[in-house]
Each structure stands twice: as structure tokens, then as C-alpha cells.
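The values are calculated or read from the model by the stated rules, or taken from the named source; none is laboratory data. Here the structure is a predicted model, which means the values were calculated and not measured. Ideal geometry is used to build each Cβ from the backbone, glycine not excepted, and the neighbour counts take in all protein chains shown. In case anyone asks, the SASA skips ligands and DNA or RNA and just uses the protein heavy atoms, side chains included. Shrake-Rupley method; radii C 1.70, N 1.55, O 1.52, S 1.80 Å.
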Amino acid sequence: MATISNHPQSEEEPKNHEFDDEEEEEEEEEENEDEELEGWDDWEAEDEAGEEGDEEEGSDSNLLCLFCDSRYGSCDALFDHCIASHHFHFRGVRTKLGLDFYGGFKLINYVRSQVAERRCWICGVTCESSQGLQNHKHETFSIEDIKPLWDDDRYLKPFMEDDSLLYTFGDDEEGEGEDDYSASIDKDELMRDLKKYEEICIDDENTGDTIVYNADNSDKNGRKGVASASNGHLDEAGSSEKASKDKHLRGSFPTLLSKDIKNVNENYFGAYSSYGIHREMISDKVRTDAYRQAILKNPSLLNNAVVMDVGCGTGILSLFAAQAGASRVIAVEASEKMAAVATQIAMDNGLWQSKSQNEGNKHSSRVIEVVQGMVEELDKSSQIQPHSVDVLLSEWMGYCLLYESMLSSVLFARDRWLKPGGAILPDTATIFVAGFGKGGTSVPFWENVYGFNMSCIGKELVGDAAKIPIVDIVDNHDIVTNSTVLQTFDLATMNHDDVDFTASAELEPYSGGSTGMSNDLECQTRSCYGVVLWFETGFTSRFCKEMPVVLSTSPYTPKTHWSQTILTFREPIAMASGKPSGDRLAAIGTEACPAMKIQLRVSIARAVEHRSIDISLETVGIGSDGRKCKWPVQIFNLH
């Protein structure tokens, strides 16, 4: 390589010795510069060779195909294979939908998750085997309609550990006009942040109490649409919200999520500053009377006991505990406003205990001390000895039992403050499931509106309901199957991870009553439009020896403010009791071939969005001849 001299001279040109020293220094600098440039060339050549070697070395083990076991050394080769063999045009989908890096990241994780379940990422059909999925391939259609399927923050969590494709699929974009942020992405830093993001999602149960209830969410009929959901297909609701959220995700994940959790907690506890919410809960006679009886009718448990009330609100349960003879009641409330209100109520009723009084007369009726803060942070704000509480008391239940994630705070308090063998009230919780008929939908109303048929509206509303979990009252006459236990929790022994679960249940046509059934005694048929979930909590004889109590939110008992949680099928499933002679050529679950049973597989887990839950519903119909029909999974988000 030629070097550039600042003072060119020919050999014949006489030299001026005055500049000899300067020339020698310049020559040395030129030689050093020449060596540096040559070294740079050598380094570049070695780097290129190394990259080629890496590609060759990784061609057998680096980038795994999204659909099969083939591996490739470059994204180009992998995506070309996906187009030719699996009709999946990754870059085409990204271009058509304008997906940024995070959109592509979600898409890869979504496709891998669907393939792992032997499910077509386009149409949602579940195949019997992996080979069946390989054979089930077709061109992508209505790509805009299925975008919401992966536009979910859960797919920011890598589905496959050490998925090299997530590191590299965006490399070919650099320098091709992407925005400033995309051009400056540090992939290693991104993956580290995503791992932290995953850990936060898993461990966020240690961040507090709960209920994201807004009195304005209810319409005049009391029906609460509390969530948007991707149900395996279309869900336009909330897409703009998620698009906005994606922009914020471009920051630091740990910082973002800590702020998000803090904001959710502030909004949540702020919502509980509304007196209307507390009036609704206290006015719920089923709820309040159950706690009152469990506390007041079991004197051997509460008399002279140290009680902790987690999430005390107005302090009603703490007042009951003081009335029952507790020697000390620690009322924990995260809302600053409600903690002040609870303190004032305790003072007005002569039950408030100041810190100075705490060391005084142990027989005083002033036993309630209100601690403002989250139960996970009591060590910072109150001097309470670990494992010093005799009775842990909390009304922690949310819609579908687990919405709001407050159970995690109760379990934290149990592990930190409750004495060995101490009591927790309630000590059991059970989720039930049953199928509901047309009467549990809005269809009957629209079938006859002042003598006019408006059923087209009802059908559309049922379709919309298949995307959103509904919190509403279901009349017990609209239950069309048996009721069965889905999951049971023992709060005295359960682990924190038990909050997330998958359970199976089997539903058969309900033989009682006649609503919605034909007059054919041999084969009575009805349509099941979906499933309804409710819960019961038990104050069992394990701790409440004098008077055990059950608090139920069942459709068969007086209604509560929790109502029931309704998950609607995409289409009703015809069911029959007796022994029908169904058409063997007809699909299971139709009028021509009704199902004898419906098998359910339900998963409930804490969602990425703090204090929300995800519910997945898998449904299989079984005919009288043993044939099965499996419908695409539905995924609901309760938030």
C-alpha cells in the first residue's frame, strides 16, 4: 500500500540538512502509519475470513427453522427455506404490516409458540401431529386480520431459549433507512434486557395488593366488559393501545417495567380511594356477612389474638376482629387516603391504638393500628416481628378469583408474618366451571324487540363476546351442563407459583330443568354458548372450629359484586343427553351430530401487564360414537 508523504522529493533532488531531523521524524511517522494501515487491512481480512468461517461452522447448528428441524448459517438462507418449504414470507409480512424490530421479534416468538402446539399460525387449526402441521400449509391470507394474534407483550419473552434468530434477523436492515433508534440497537443489551423483563414478569407477585376496579366500567345493566383479548383470531380492540405501548418498549425494559408496575399500583390503590367502591363491597351482604360470621362466631380463634388485615380499606374486617376480642390488629393499607380514613374510623369508634399506647395497657379496647404501605414493605415502615401474627385476615379475591394478583401479597404476608401453625382466613379457594346456554347471552333480547326481529345484532354481539371475558350475572336457569371443580387452592400450604395453573374439566348436559331443551325424551338437545367461571372461599373447620363459613359467588346462590366470569365460544356447541343417532358425516357439536361431552383445558396465569391475568380455553367435543372435534384455542386477557 502506498503511503502519502507530506513532502515528496525525487532522489536526485539535493537535500537540505536543516530539515534532515524533521524528514527522519516524518518518515518514521509514515512508516508507522503504513504499518497501522497494513495492520487494519490484515485485521479486516481476518475478520471477513472469521465471519465466513463462523457462517460455515454455524450452518449446521446456528439458526433453527421456525417450522422444522432444518438449520442454516444465515437469515437469508433460513427465510428462503421458509418461503419455499412452508409458505412463510417473514420479510414480506414485516414489509406489508410495517413491523419494526419489536414487531418482528414478537412474530418469530408467536410462530414458534404455535408450531410447538402443532397449530397453524395463520388459521389456528390444530393438527394431530407435527408431520400433519408440515403437510398443512397454505398461502397467507388477510394478514392484517391476524396481526393482533402476535401483537401482545407476552411474545417479547423469547419462546425458545438461546434463539439465535432473535439476535440476527434485523442485522440486514442496518443502513437501509431504519429510524435512529433501530440503527443503534445493541442486540446483546436488548437480549439482556429481555431476560430481565421475563424475570420481572415472573416475579412481580412481590409488588403488592390489588383490584383495578372502576365504577365507571359498568353499564346500567351491570355488565362489565373488563378486558380485550386475542381469541386465536381477530381482535381489533386495544390494537392502538398496544401500538402506543410498543413505542415505549423501545426504552430500557427494566426501567420501563418498574415504572409500569409503579403506575399500575398507583392507579390501583388510587382507585380504592373512591368511597363508591368501598360502599359496593360493604353493601355486598354475602361477602361482608361471611367475614363477619367467620370472625365473630369463632371466639377461640380471635380472642386475644394478634391479627393482620392485609388490604384493610375502610378497616371493616379489622373492626370485626377488634370486636371479637383480638389483642392487637395490624391493619395494612397501601392507599394513603384510605389508610387515613381507616385510622379516623378506628379513632371514631374508640378502637385506634397509637404507638405510645402500644406499650401501655394490654387490656385496652384500643387495639387497631393502621400501617400505610404495601405489605411487602412493612419492614421499612413498621416494627413488626417476623412470625408474630396469630391470624392473617384478607379479602383478596378479584374477578375470576385471581384477577388483581392480590393473592401473591397475602402469601407473602403468610410467609413473613404468620406464626407457624397460625390461621389464615379464608383458608381455601375453589374455582368452578359450567356451560351456559343462549339465555346467558344477549341473543334472546334481540330476537324480539317490540315484535321486530333484530337477531343480527345479537349474533354480532356473541361474536364480539368470544374475544372479551365478560363479568356479569348468569341466571342459574341458563346453566346447561353440570358444574365441576376446575381448581382448588389451600392458602395455608400453597406455593407462590401455584397461582398460575392449567386444569382440565369435563362437562355433560345438565339433566335438571327443561329450559332450552327439546321435548324428545330419548335425546334432549341444547346449545352451549360458552363457559362460566365462579369461585368459593372457605373458612373451614381447620381454623374456624365453632362455625365454618363458605363464601360463594355461584349462580345458584345470592349474587355478589364479583358476579361470574363468562367466556363465550366462537360458535355454540350442540349437546345432547341420551343416546342420539347422530349423522356420522356431520361435524361434532352441530345439531345433526350433537356432542355428548365437552372436554375443557383451562389455563390461568398472571399476565405481562401487572395485576392482570391471561386465560386460555381449549375445547374438545366428543360425539356419541367417540369421534372428537377440537376447536382453536381462545385466549382472553382480564385487565
Practice task
Please find, within the stretch 460-476, the residue that is least open to solvent (accessible area, probe 1.4 Å) out of those that are outside any helix (DSSP H, G or I) and in contact with a helix residue (DSSP H, G or I) (Cβ under 8 Å, 6 or more places away or on another chain).
Solution key: VAL474
Fill in the blank from the handout: Subset of the stretch 147-171, residues part of a helix (DSSP H, G or I) and not aliphatic (A, V, I, L, M), comes to LYS147, PRO148, ASP153, ARG154, TYR155, SER164, TYR167, THR168, ASP171
Handout entry: Any chance GLY311 is more than 21 Å from ARG416 (Cα to Cα), touching a strand residue (DSSP E or B) at 6+ places or on another chain (Cβ under 8 Å), open to solvent by less than 30 Å² (accessible area, probe 1.4 Å) and not hydrophobic (A, V, I, L, M, F, W, C)
Key = no
Exercise for the section: Could you check, for the stretch 301-323, whether at least one of its residues is outside any loop (DSSP other than H, G, I, E, B), out of contact with any Phe, Trp or Tyr (no Cβ under 7 Å at 6 or more places or on another chain) and aromatic (Phe, Trp, Tyr)? Expected result: no
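Rundown of residues vs (1) modelled with pLDDT of 95 or more; (2) open to solvent by 80 Å² or more (accessible area, probe 1.4 Å); (3) under 25 Å from the mean Cα position of the chain (by Cα), yes/no style:
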| position | (1), (2), (3) |
| --- | --- |
| ASP478 | yes, no, no |
| THR481 | yes, no, no |
| THR484 | yes, no, yes |
| ASP490 | yes, no, yes |
| MET494 | yes, no, yes |
| ALA503 | yes, no, yes |
| LEU507 | yes, no, no |
| THR515 | no, no, no |
| ASP520 | no, no, no |
Exercise for the section: Inspect the stretch 438-455 for any residue being closer than 26 Å to GLN524 by Cβ, open to solvent by 70 Å² or more (accessible area, probe 1.4 Å) and touching a strand residue (DSSP E or B) at 6+ places or on another chain (Cβ under 8 Å) and give the result as yes or no. Expected result: yes
Handout entry: Matching strands (runs of 3 or more DSSP E) fully within the stretch 523-639 where at least 2 residues are within 28 Å of CYS127 (Cβ to Cβ) and hydrophobic (A, V, I, L, M, F, W, C)
Key = 525-539, 564-576, 597-606, 613-622, 628-638
Exercise for the section: Find all pairs meeting these conditions: Cβ atoms under 9 angstrom apart; at least six residues apart or on different chains; first residue within the stretch 315-336 and aromatic (Phe, Trp, Tyr); second residue part of a strand (DSSP E or B) and at pLDDT 95 or above. Expected result: PHE320/LEU393
Fill in the blank from the handout: Of the candidates THR553, THR590, THR560, THR619, the one satisfying the condition of being over 30 Å from ARG287 (Cβ atoms), surrounded by 16 or more Cβ atoms within 10 Å (Cβ to Cβ), of a type in the set (Ser, Thr, Tyr) and modelled with pLDDT of 95 or more is THR619
Exercise for the section: Mind listing just one residue for me: the one in the stretch 436-459 that is in a loop (DSSP other than H, G, I, E, B) and under 30 Å from ARG611 (Cβ atoms) and, of those, nearest to the chain's Cα centre (by Cα)? Expected result: THR441
Handout entry: In the stretch 89-146, residue nearest to the chain's Cα centre (by Cα) [restricted to those that are of a type in the set (Phe, Trp, Tyr) and either surrounded by fewer than 17 Cβ atoms within 10 Å (Cβ to Cβ) or not in a helix (DSSP H, G or I) (or both)]
Key = TRP121
Exercise for the section: Inspect all residues belonging to the stretch 379-390 and state whether any of them is open to solvent by less than 20 Å² (accessible area, probe 1.4 Å), in contact with a helix residue (DSSP H, G or I) (Cβ under 7 Å, 6 or more places away or on another chain) and not in a strand (DSSP E or B). Expected result: yes
Completion exercise
GLY373 fails exactly one of (1) modelled with pLDDT of 95 or more; (2) open to solvent by less than 20 Å² (accessible area, probe 1.4 Å); (3) within 27 Å of ILE277 (Cβ to Cβ); (4) out of contact with any Cys (no Cβ under 6 Å at 6 or more places or on another chain), namely (1)
Practice task
Can you tell me which residue within the stretch 405-435, out of those that are open to solvent by 10 Å² or more (accessible area, probe 1.4 Å), part of a strand (DSSP E or B) and of a type outside the set (D, E, K, R), is nearest to LEU600 (Cα to Cα)?
Solution key: PHE432
